[in-house]
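Chemist: Got a structure here, written out as structure tokens. Questions coming.
The values are calculated or read from the model by the stated rules, or taken from the named source; none is laboratory data. Note that the structure is a prediction, hence the values are computed from the model and not measured. Methodologically, a virtual Cβ is constructed for each residue, glycine included, from the backbone with ideal geometry; neighbour enumeration extends over all protein chains shown.
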Amino acid sequence: MVTLQQLREVLVENNQSHLLHFYDELNDEEKQKLLAQLSNINFSEVNQLFKNAMESLNEQGVKLDSKMKPVPSHTFESEESINSELLAQYKKLGLEEISKGHVAVLLMAGGQGTRLGVNYPKGMYSVGLPSGKTLFQIQAERIKKVMNLSKQQTGTAGNIVWYIMTSGPTDKTTEKFLKNNDYFGLNKNDVVQFKQGLLPCFDFDGKIFLEDKNTVALAPDGNGGIYRALKNNGILEDMKVRGVKYLHAHSVDNILVKVADPVFIGYCVKKGAECGAKVVKKSGPNEAIGVVCQIDGKFQVVEYSEITEKTANLRDEEGNLIFSSGNICNHFFSTDFLNKIADRFESQLKLHVAKKKIPHVNQRGENVKPSTPNGIKIEKFVFDVFEFTNKFVTWEVPRHSEFSALKNADNPEGTAVDCPTTSKRDLLRLHKKYIENAGGKVTTNEVEISPLLSYAGENLEIRVKGKVFDKKTVILSDEEQLFMNNNNTIDGPVISNGKFYVE
């Protein structure tokens, strides 16, 4: 760690000397904490970030209509429109890559459940399924199942590493939760957790805020911080050692996500893509969702606020929206591309700036909780690397089977949007469809299929054909049923947080 005098010189040089304003008032422990924090900040770099951020802020609100073009047809395919033979080829290729240990999953799980009304990581949230399973458990079990599918096809299960990017507020809680639940059946050595980075919070003049007298105000650097975090935490090197070639990256809050989706992986590998995006058709021109398109020949996600209503409503001869590829934070990357980004392009990522009400300590040592925005927080977004490749593809999937976001708390007095109620509804609707396609009948809205039994509706006939499901039920895998039998539980296929019980 640098000396106090060296820090003072750096801070004076970078116009941030106020960060030591209260230093002489601190006790020894507080002094060490502050010095350690300041030593980890590259002040010339963050000052440049602030300058770039303010330029970006000035550009916000500029409409991009004249520059936008739809994704070219040769970089786009839709699961619903291609023939079943080609779909099977993609799935086969994806499962082969999984069996060779070439595929890993990156879960972006840095968000707390603040908007859901809880003070723990989103991944620990249960939307009220009959099983009581959390997002973490559902996604871990899908990983386990897809490895089993690869073994069924190739004779080798392969090995999928589950990389989990947390943040400062969620890291320890996530680690404890996964450990206490035995990583939901995954090998603990294949569950690798690391933290995204933090960036200082600035006032509008570029001065960094102090959260209190011995703590700099910091905020997570956004899901686009994965590229720096992958390098700084040794994750890219870990992937190299393990032989990982492809990464499926997604956010934690989509309850329908097909984790390590072999079809998506196979499609991207077949096309020789460095980078790929799953998309859904926009529900309408006014849906507040970013669209994947081209700007000046480069791939990009354009936010709804960056285009006019006229452009949002443009349609082709068949009446389809021209800009319809809705971004759902579900991506494919080759590890070669991730290394290229980390080594050459990370510093060029676009900055997204938000004016915020930032609590801080003023020069008199008083705690201030502003009522209006008093500064900025800077983020980078995961999709802003699209512009750095020409080997990009999009894969359109049905919304009903692949995308249901969990963003908001339930609002009993308002319309249910992206909340626990809609997440639960969408998953159980999908499972009902799977059961009916396999010859069963569902007469209630409380029937759930364990991810350990079926990844995407396959292998259900033997369990459901000719049967009627008229009460709250979880249809279990053989493994889960055996667990129940060995633990002397009576019949009643309901499972909660990995432990079985009867309603």
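Chemist: Out of Lys51, Lys63, Lys33, Lys67, I need the residue that is within 26 Å of Val302 (Cα to Cα), not aromatic (Phe, Trp, Tyr) and not assigned by TED's automatic domain parsing to the domain that holds Ala273. Which one? Don't jump to the end; show me each part of the working.
Modeler: On the way: Lys63 fails: not assigned by TED's automatic domain parsing to the domain that holds Ala273; Lys33 fails: within 26 Å of Val302 (Cα to Cα); Lys67 fails: not assigned by TED's automatic domain parsing to the domain that holds Ala273.
When all the criteria are applied, what remains is Lys51.
Chemist: Which of the residues spanning the range 203-243 are surrounded by fewer than 20 Cβ atoms within 10 Å (Cβ to Cβ), closer than 30 Å to Phe333 by Cβ, in contact (Cβ under 8 Å) with a residue 40 or more places away in the chain and of a type in the set (D, E, K, R)?
Modeler: Arg228, Lys231, Asp238, Lys240, Arg242
Yes/no per residue for (1) of a type outside the set (A, V, I, L, M); (2) part of a helix (DSSP H, G or I); (3) within 17 Å of the chain's Cα centre (by Cα); (4) exposed (fewer than 15 other Cβ atoms within 10 Å of the Cβ):
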| position | (1), (2), (3), (4) |
| --- | --- |
| Lys63 | yes, no, no, yes |
| Val71 | no, no, no, no |
| Gly94 | yes, yes, no, no |
| Gly101 | yes, no, no, no |
| Asn119 | yes, no, no, yes |
| Lys144 | yes, yes, no, no |
| Leu149 | no, yes, no, no |
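Chemist: For the range 351-371, which positions are surrounded by fewer than 16 Cβ atoms within 10 Å (Cβ to Cβ) and part of a loop (DSSP other than H, G, I, E, B)? Please lay out each step first, then the result.
Modeler: Quick first cut of the range 351-371, residues surrounded by fewer than 16 Cβ atoms within 10 Å (Cβ to Cβ) only: 354-357, 359, 362-371.
If the condition is that a residue be surrounded by fewer than 16 Cβ atoms within 10 Å (Cβ to Cβ) and part of a loop (DSSP other than H, G, I, E, B), then Lys357, Pro359, Asn362, Gln363, Arg364, Gly365, Glu366, Lys369, Pro370, Ser371 are the ones that fit.
Chemist: If a residue must be at pLDDT 90 or above and assigned to a strand (DSSP E or B), how many such residues does the range 212-228 contain?
Modeler: Final tally of qualifying residues: 4.
Chemist: Which members of the range 382-436 meet the condition of being assigned to a helix (DSSP H, G or I), aliphatic (A, V, I, L, M) and under 30 Å from Gly197 (Cβ atoms)?
Modeler: Within the range 382-436, the subset assigned to a helix (DSSP H, G or I) is 382-388, 399-402, 420-436.
Now drop any that are not aliphatic (A, V, I, L, M), which leaves 382, 385, 427-428, 430, 435.
Those that are assigned to a helix (DSSP H, G or I), aliphatic (A, V, I, L, M) and under 30 Å from Gly197 (Cβ atoms): Val382, Val385.
Chemist: Filter the range 296-316 down to residues that are within 24 Å of the chain's Cα centre (by Cα) and among the β-branched types (Val, Ile, Thr) and give me whichever is farthest from Glu396 (Cα to Cα).
Modeler: Going through the range 296-316, the residues within 24 Å of the chain's Cα centre (by Cα) turn out to be 298-306.
Checking the rest, the ones that are also among the β-branched types (Val, Ile, Thr) come to 301-302.
Working: Val301: 15, Val302: 17 Å.
If we take residues in the range 296-316 being within 24 Å of the chain's Cα centre (by Cα) and among the β-branched types (Val, Ile, Thr), then Val302 is farthest from Glu396 (Cα to Cα).
Chemist: Of these, Lys240, Lys231, Lys258, Lys278, which one is charged (D, E, K, R), under 30 Å from Gln37 (Cβ atoms) and either assigned to a loop (DSSP other than H, G, I, E, B) or in the same structural domain as Pro373 (by TED's automatic domain parsing) (or both)? Before you say what the answer is, go through the steps one by one.
Modeler: On the way: Lys240 fails: under 30 Å from Gln37 (Cβ atoms); Lys258 fails: under 30 Å from Gln37 (Cβ atoms); Lys278 fails: under 30 Å from Gln37 (Cβ atoms).
Result: Lys231 is the single residue among Lys240, Lys231, Lys258, Lys278 that is charged (D, E, K, R), under 30 Å from Gln37 (Cβ atoms) and either assigned to a loop (DSSP other than H, G, I, E, B) or in the same structural domain as Pro373 (by TED's automatic domain parsing) (or both).
Chemist: Same structure again: Name the single residue, out of those in the range 3-24 being hydrophobic (A, V, I, L, M, F, W, C) and either more than 37 Å from the chain's Cα centre (by Cα) or under 16 Å from Asn362 (Cα atoms) (or both), that is surrounded by the most Cβ atoms within 10 Å (Cβ to Cβ). It would help to see each step written out before you state the result.
Modeler: From the range 3-24, those hydrophobic (A, V, I, L, M, F, W, C) are 4, 7, 10-12, 19-20, 22; that's our starting set.
Add one more test, that the residue is either more than 37 Å from the chain's Cα centre (by Cα) or under 16 Å from Asn362 (Cα atoms) (or both), and what stays is 4, 12, 19-20, 22.
Working: Leu4: 13, Val12: 11, Leu19: 23, Leu20: 19, Phe22: 17.
Within the range 3-24, the match that is surrounded by the most Cβ atoms within 10 Å (Cβ to Cβ) is Leu19.
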